[in-house]
Amino acid sequence: MSDRIRTQATPAADVLTGTADGVTPPALASDSTSPHTATVPAPPIELPPGFVFERVLGRGGMGVVSLARQTGLNRLVALKTIPVTASSSAVIRFLGEAEAVAAARHPNVVEVYQFGEHAGLPYLVLEFCPGGDLTTKTGTALPAREAAEVIAGVADGVDAAHRLGIVHRDLKPHNVLVAADGTPKVTEFG
């Protein structure tokens, strides 16, 4: 499975500007002592204790997903938060997504590491998939066997959710992430 989706190294300039994942984070502030150093932008919200903000991975209708370092385990995670202005129905959908993803434990579904509440808002700590999503592959034809393996992995993940009565409702390349070993992982069950 490690060769299902080949990921290429991302140029450092793309990571700094945010173009590596198609999201442009808030402007990086330059250190006045050197024109070549930059500071990490402020996180979109106050993070829960035990997490250090790295950068914004994406923004959507449900909130913000940030790359964060979980300090206790020294690992990178995707930290999903909802805005302070979220309606009660949005909070209920967010909680539903947390339960759905946690229940669908499968190699082709993004893993939930933790769920909690901080500053009155729920958050999800998810597996970070450094390969981005399948939209990075659009326009590039995969060999037939590799494409079939990717589709089979996605189908297996969706099948695991369906067996629990969970319907994805928005399955598309943007909602399939690529793990470090190339495994496709279904996400965004909200």
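The values are calculated or read from the model by the stated rules, or taken from the named source; none is laboratory data. These numbers were taken from a predicted model, which means no experiment stands behind them. Note that we place each Cβ from the backbone using ideal geometry, even for glycine, and neighbour counts take in every protein chain shown. Surface areas here come from the heavy atoms of the whole protein model, side chains and all, with no ligands, DNA or RNA. Shrake-Rupley method; radii C 1.70, N 1.55, O 1.52, S 1.80 Å.
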### Query
Taking the condition in contact (Cβ under 8 Å) with a residue 24 or more places away in the chain, among the acidic types (Asp, Glu) and either part of a helix (DSSP H, G or I) or touching a strand residue (DSSP E or B) at 6+ places or on another chain (Cβ under 8 Å) (or both), does Glu97 pass?
yes
### Message
So Pro49 passes all but one of these: (1) farther than 21 Å from Val158 by Cβ; (2) open to solvent by less than 30 Å² (accessible area, probe 1.4 Å). Which condition number does it fail?
### Response
(2)
### Task
Mind listing whichever residues of region 87-119 are small (Gly, Ala, Ser), at pLDDT 85 or above and farther than 26 Å from Asp181 by Cα?
Ser87, Ser88, Ser89, Ala90, Gly116, Ala119
### Task
Collect the residues in region 54-78 that are surrounded by 12 or more Cβ atoms within 10 Å (Cβ to Cβ), modelled with pLDDT of 95 or more and hydrophobic (A, V, I, L, M, F, W, C), keeping them in residue-number order.
Leu67, Ala68, Leu76, Val77, Ala78
### Message
Taking the criterion of being under 22 Å from Ala179 (Cα atoms), surrounded by 15 or more Cβ atoms within 10 Å (Cβ to Cβ) and at pLDDT 60 or above, would at least one residue in region 37-44 satisfy it?
### Response
no
## Note on the structure
Out of (1) under 22 Å from Ala161 (Cβ atoms); (2) under 17 Å from the mean Cα position of the chain (by Cα), the one Phe51 does not meet is (1)
### Query
Which one of Arg75, Arg93, Arg59, Arg105 is under 19 Å from the mean Cα position of the chain (by Cα), farther than 24 Å from Pro173 by Cβ and among the basic types (Lys, Arg)?
Arg75
### Task
Starting from region 41-66, keep only residues that are under 21 Å from Ile92 (Cβ atoms), then list their pairs with residues that are modelled with pLDDT of 75 or more and assigned to a loop (DSSP other than H, G, I, E, B) whose Cβ atoms are within a distance under 6 Å, requiring at least 6 positions of separation or different chains.
Gly63/Ile82; Gly63/Pro83
### Query
Limited to region 71-94, what total is found for residues that are within 20 Å of Gly58 (Cβ to Cβ) and either in a helix (DSSP H, G or I) or in contact with a Pro (Cβ under 6 Å, 6 or more places away or on another chain) (or both)?
4
### Summary
By my count, strands (runs of 3 or more DSSP E) wholly in region 104-190 with at least 2 residues that are in contact with a Lys or Arg (Cβ under 8 Å, 6 or more places away or on another chain), open to solvent by less than 20 Å² (accessible area, probe 1.4 Å) and closer than 25 Å to Gln70 by Cα are 121-127, 176-178
